[in-house]
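One structure is given here, and the rest of the page talks about it.
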Amino acid sequence: MTDEICSRDAYQVSTDAAVVEVGDDGVILDRTVFYARGGGQPGDTGTLRWHVGEVRVVDTVKARGEVLHVLEPEATPPSVGAAVFAEIDWARRHTLMRTHTALHALSGIVFTDYGAKVTGGNMEPGIARMDFELDGISQEFGREVEAKLNVALQQDHPVHVGFIPRAEALTDPDLIRTKVSLIPEAVDPIRVVDIVGLDRQADGGTHVRSTREVGHVRVVKTENKGKTFRRIRIEVADKAQAGTPSI
Ligand SMILES: [Zn+2]
C-alpha cells in the first residue's frame, strides 16, 4: 500500500519515492504526495522526475485500492524500482484545499443555522457546489449565507485532522449526521477533519490549516432542483492567502 502523505500533511509538495508498479493505466509509488480523486475533490496533477526522464501526471485516482498516477498520453513511464521525485502542482492543489475547506464551512453553517443536511457536492479549483435537503431557498438566502460564511472564515477557525477508531466514530453525533456509516467497513481508523467550532466530519480530502487562508468566498448561485433539493454554488477569490508549503 502506498504511504499517502497528504492524509497527514496536505502542505507537503514533493517527495522522493520508488516505483512499485507500472501499468497501462498509470504508476504506483511506495509513497506519494498526490491526492487521489475522491469525496468530491479532484485528483492532483504534477510531475514525476528521475535521472533520465520526466513525465506529467494528468490525474490521480484510486484503483484496486492503490493510488494510481495517471500519465499524459504517449508518455514513457519510469521503470519498476526506479527512484523518482514526485511533485504536485502546488498552486492548483492549494486552491483546491481552500475550496474544500470553504465547502465544509458552508455545510457547517447551513446545518447549524438552517438545520439542513448536505446530500452531495463537487469541486474544481476555485469553484464548487453543494446540495442540501432544504425546503426553501432564495437569493436573499444566498446573500445571507455568503455573509455568514465570510464572517466565519475571517474568525480563523483552526482545522485539525485526526484519526479515531471506527467504533467510536459510529457513535459520534457529528459524524453520524455526516453519514460516517457509509464509509466502507474496512476503513478503520476513520480520518476526521475538524474545523473547530464550525464543522466536523469524516473526510479523506485536503484542507488548509485555518479558515482565514480560504480568503473571500462568493455565493454565485442558489438553485431549486426539486421539492427539497437545493443547490448552492460558490467561488473562492483568486488571491490565495498565505499558502506556504512545507516542501
Ligand atoms: Zn470534504
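If you filter the stretch 148-183 down to residues that are modelled with pLDDT of 90 or more and assigned to a loop (DSSP other than H, G, I, E, B), you find that the one that is surrounded by the most Cβ atoms within 10 Å (Cβ to Cβ) is His157. For the structure I just gave you, tell me whether Ala128 is at pLDDT 95 or above, within 16 Å of the ligand (Cβ to nearest atom), farther than 30 Å from Ala18 by Cβ and out of contact with any Leu (no Cβ under 6 Å at 6 or more places or on another chain). No: the conditions fail for Ala128. Candidates in the stretch 36-53 are the residues that are more than 21 Å from Ala82 (Cβ to Cβ) and not in a strand (DSSP E or B); of these, the one that is farthest from the ligand (Cβ to nearest atom) is Gly43.
Report yes if some residue within the stretch 70-88 is closer than 16 Å to Thr32 by Cβ, surrounded by fewer than 20 Cβ atoms within 10 Å (Cβ to Cβ) and among the aromatic types (Phe, Trp, Tyr); otherwise report no. Checking the stretch 70-88: at least one residue is closer than 16 Å to Thr32 by Cβ, surrounded by fewer than 20 Cβ atoms within 10 Å (Cβ to Cβ) and among the aromatic types (Phe, Trp, Tyr). The sole residue among Val27, Val20 that is surrounded by fewer than 20 Cβ atoms within 10 Å (Cβ to Cβ) and in contact (Cβ under 8 Å) with a residue 24 or more places away in the chain is Val20.
Only one of the numbered conditions (1) more than 18 Å from the chain's Cα centre (by Cα); (2) modelled with pLDDT of 95 or more is not met by Gly46, and that is (1).
Before we move on, is Thr211 at pLDDT 95 or above, closer than 14 Å to Ser107 by Cβ, within 16 Å of the ligand (Cβ to nearest atom) and surrounded by 16 or more Cβ atoms within 10 Å (Cβ to Cβ)? Yes; evaluated as a whole, the condition is true for this residue. When Met97 is tested against (1) more than 16 Å from the ligand (Cβ to nearest atom); (2) surrounded by 17 or more Cβ atoms within 10 Å (Cβ to Cβ); (3) among the hydrophobic types (A, V, I, L, M, F, W, C), only condition (1) is not met.
Does Asp131 count as farther than 19 Å from Ala10 by Cα, among the charged types (D, E, K, R), within 22 Å of the chain's Cα centre (by Cα) and outside any helix (DSSP H, G or I)? Yes.
Out of the stretch 133-154, which residues are of a type outside the set (S, T, N, Q), within 27 Å of Arg209 (Cβ to Cβ) and touching a residue at least 24 places away in the same chain (Cβ under 8 Å)? Before you say what the answer is, go through the steps one by one.
The initial filter retains those residues of the stretch 133-154 that are of a type outside the set (S, T, N, Q), namely 133-137, 140-149, 151-153.
The next check asks that each one be within 27 Å of Arg209 (Cβ to Cβ); those that pass are 145-149, 151-153.
Selection gives Val145, Glu146, Lys148, Leu149, Ala152, Leu153.
Scan the stretch 54-106 for residues that are in a loop (DSSP other than H, G, I, E, B) and not acidic (Asp, Glu) and jot them down.
Arg64, Gly65, Pro73, Ala75, Thr76, Pro77, Pro78, Ser79, Val80, Gly81, Ala82 - these are the residues of the stretch 54-106 that are in a loop (DSSP other than H, G, I, E, B) and not acidic (Asp, Glu).
Sort through Val151, Val70, Val145, Val84 and tell me the only one that's of a type in the set (A, V, I, L, M) and in contact with a helix residue (DSSP H, G or I) (Cβ under 8 Å, 6 or more places away or on another chain). That would be Val145, the only listed residue that is of a type in the set (A, V, I, L, M) and in contact with a helix residue (DSSP H, G or I) (Cβ under 8 Å, 6 or more places away or on another chain).
The values are calculated or read from the model by the stated rules, or taken from the named source; none is laboratory data. Only a predicted model underlies this, so the values are computations on that prediction, with no experimental measurement involved. We place every Cβ from the backbone using ideal geometry, glycine too, and count neighbours over all the protein chains shown.
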